[in-house]
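These notes concern the structure reproduced below.
Here, each number is a calculation from the coordinates, and none is a lab measurement. Source: prediction; values computed, not measured. Glycine gets a Cβ as well: all are built from the backbone with ideal geometry, and neighbour counts include every protein chain shown.
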Amino acid sequence: MLAVVGTVPEPDFPLITGKVVLVDGDVCIEGERAPINRGTPALLAAAVKVCEALGQPAPMGCLVGDTGLGKGSRRLYKYLTQEVGRWDVKAMAFHYLQPDVDWHNRVLFAVQDMAEPPLLIADAGFMYAAKMSGLSCDYALFTPDVGELAFLADEEAPHPFYTRGFILHEDMKVPGLIERAYAHQNAAACLLVKGQPDYVAGRDGIHAAIDMPVAEAMEAIGGTGDTVTGIVAALVASGMDVREAAVLAARVNRLAGYAARPTPATQVMDIVAHIPAALSQVLADIPLSAGGRHG
Amino acid sequence: MSLLKLFKKKGDLQGRGILVFENTSEVIRGERVLQDAGWKIRVMGPPPEIRTGCDLIIEFPLMEELNILRSLQGAGIEPLQVVPVNSPLLQPVDIFQTKDFGQHLMVRAANMKLTVDKTTHTVVNISGGGCPDVPYLAQEMVGKLLDEAPSPREIGHTLCGYALQLAYEEMTRRC
C-alpha cells in the first residue's frame with residue numbers, strides 16, 4: 001500500500017488519516033473532502049487513479065490543513081513520530097509540508113525504526129528539508145522540477161529561494177546539475193526530473209530521457225508535477241522497480257496532459273481524468289517503443 | 001582613499017545586524033514597515049547556525065538597532081533575536097525567466113511560476129514551489145485579475161510565497 005503525507009490549503013482541515021477515494025472531483029478521506037486543484041490532493045487523485053487501474057489497494061492519505069504558517073505541518077510531524085511505527089505500507093510519499101530540518105529528521109528516524117521500512121519518496125517542501133538535512137541518500141526517489149534540481153545541485157542553498165545564480169543559469173544543462181547533486185550527496189537513489197525532457201537518473205548517470213509527447217503548456221499548469229509524483233508513487237507501491245516506475249510515470253503524465261489538449265489556463269483536474277487511459281496505453285506499449293530513450 | 005571613505009567602508013562591513021523572526025510572514029511584514037519608515041534594510045538568508053529550513057532575516061544597520069526595534073514594536077512586530085552579522089549572508093534569487101505562450105505570459109522566480117492572460121491580465125495558473133502556502137496562494141489568486149488578486153506579500157508565509165511575490169512584481173512590471 002502507498003501512504004501519502006501532505007497538506008490541504010485550508011486552515012481548519014483536521015489532521016486525518018485514512019483510505020482515499022475520489023468523490024465528485026474531490027479527494028475524500030473519512031468524510032473530509034478537499035478539491036483536486038493542485039498540491040497534495042492532486043498527487044492523491046493521480047495515485048488513486050493508478051491504484052484503481054492496477055487493481056491495487058487505494059492509497060492511504062495522512063493530511064492536515066496548513067496555509068504556510070507551518071503549524072499544521074508540525075502537528076502532522078509529531079503525529080507521524082508517534083504513529084508511523086504501526087503502519088504497514090510499501091511506499092511513502094512526502095509532499096507539501098513546511099520544510100523543517102529538525103522535524104524531518106525525527107520523522108525519518110521514526111520511519112527507519114519501522115519493522116519493514118517503506119521505500120521513501122519526497123517531493124516539494126519535504127524534499128527541501130531532506131536535502132538540507134544531508135540525508136537525501138536515505139530516499140528511494142526525489143521528483144524535482146528543473147529549478148528544484150538546481151537547488152539540489154547547489155550544496156550551499158538551504159531552499160530553492162537561495163540557489164546561487166551561476167547554478168540557476170545552468171538550468172538548461174540538466175545532466176550537469178544531476179551530476180553535481182550526486183557529487184554533493186544531495187540526491188535520492190533515483191531522480192525523476194520534471195522538465196523537457198523528463199530525466200530519470202541515478203548515481204550511475206542518466207537512465208532515460210522522456211521527451212514525447214510534448215504539450216508545452218504543461219509547464220505553466222499548477223499540479224502537473226504533483227500528478228507525476230502521484231503516478232510514480234502508486235507504481236512503486238505496486239512493487240515496480242523505482243527506475244522503471246519513474247520512466248512509466250513520466251510517459252503517463254505526458255500522455256494524460258497531451259490528451260487534455262491543454263492551454264496555460266488548463267486546470268490539473270482536467271488532466272487527472274486522462275490518467276487511466278494513458279496508463280493503459282503505456283503499459284500496452286512496454287517495452288518502450290516511443291517517447292523514451294534509455295541512456 | 002580618504003580616511004572618511006575608509007571609515008565608511010569599514011562601517012559597511014562591520015556595522016550590520018540581523019533581525020530573526022518566528023516565520024517568514026513576520027519578516028515580510030517587518031520589511032514593509034521598515035521600508036515605509038525609510039530604513040535601509042535588506043531581506044536575506046540566515047547564517048547556517050540559525051537556519052531551520054524556510055527562513056528569511058532582515059539585515060539592518062546595527063547602530064540604528066533601537067530605532068528600528070521601536071519602528072517594529074509600533075507595528076506590533078517583535079523579532080525573536082537581534083544578532084550582529086559575522087559572515088556573508090545568502091542572497092535571495094534575483095533572476096527572472098519569462099516564457100511567452102502567445103496568449104499567456106509566464107514569469108518564473110526561483111522555483112515559482114506565475115502565468116497571466118496577456119489580454120485580460122487574469123491570473124490563470126501558479127505552479128512550482130513546495131511550501132504549504134503555494135496551493136493556498138494559487139487557490140486565492142487564480143481566476144482573479146492581477147491587480148485585484150491578493151498579493152503573495154499579503155497572504156503568503158514562506159520563502160516560496162516570497163519568491164511568488166517577486167514573480168508577481170515582475171509580471172506587474174511587464175503587464
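General remarks:
- Separation of alpha-carbon centers, the range A:83-110 and the range B:32-59, rounded to whole Å: 30 Å
- Chain A: relative contact order as a whole-number percent, Cα under 8 Å and 6+ apart: 19 percent
- Gained length - A:R203 relative to A:D26, 0.36 nm times residue gap less alpha-carbon distance: 59.9 nm
- Rounded to the nearest Hz, the phi-derived 3J(HN,Hα) couplings of the range A:151-157 under the Karplus curve 6.51 cos²θ - 1.76 cosθ + 1.60 (θ = phi - 60°) are 5, 4, 6, 8, 5, 9, 7, where x marks glycine and proline.
- Cβ crowding within 10 Å, taken as a proxy for footprinting-reagent exposure, orders A:M218, A:M127, B:M106, A:M269 from fewest neighbours to most as A:M269, B:M106, A:M218, A:M127.
- The stretch between B:N86 and B:Q35 holds 16.0 nm of extra length on full extension. This uses 0.36 nm per residue minus the Cα-Cα distance.
- Sequence-separation-based contact order of chain B, relative, with Cα cut under 8 Å and 6+ spacing, percent: 20 percent
- Nonlocal amide H pairs with A:F13, under 5 Å, H built at 1.01 Å: A:G65
- What the phi angles of the range B:76-86 give under the Karplus curve with 6.51, -1.76 and 1.60, with θ = phi - 60°, is a coupling list of x, 10, 10, x, 6, 9, 10, 10, x, 7, 10 Hz, glycine and proline written as x.
- Of the residues B:V27, B:V82, B:V93, the one that moves most in a GNM of chain B with alpha-carbon contacts below 10 Å is B:V93.
- Spatial separation of Cα centroids for the range A:1-67 and the range A:177-209, in angstrom: 28 Å
- Neighbour-count order for A:Y199, A:Y79, fewest beta carbons within 10 angstrom listed first: A:Y79, A:Y199
- Shape category assigned to the range B:12-84 from the gyration tensor of Cα positions, a/c cut at 1.5: oblate
- Here the Gaussian network model covers chain A, with springs between Cα atoms less than 10 Å apart; of A:I167, A:I210, A:I231, A:I167 fluctuates the most.
- Comparing B:V20, B:V123, B:V83 in a Gaussian network model of chain B where C-alpha atoms under 10 Å apart are linked, the largest mean-square fluctuation is found at B:V83.
- Note, ³J(HN,Hα) from phi for the range A:249-258, Karplus 6.51, -1.76, 1.60, rounded to Hz, x at Gly and Pro: 4, 4, 5, 4, 4, 5, 5, 4, x, 4
- Taking the fewest neighbouring Cβ atoms within 10 Å as the starting point, the ordered list for B:K144, B:K113 is B:K144, B:K113.
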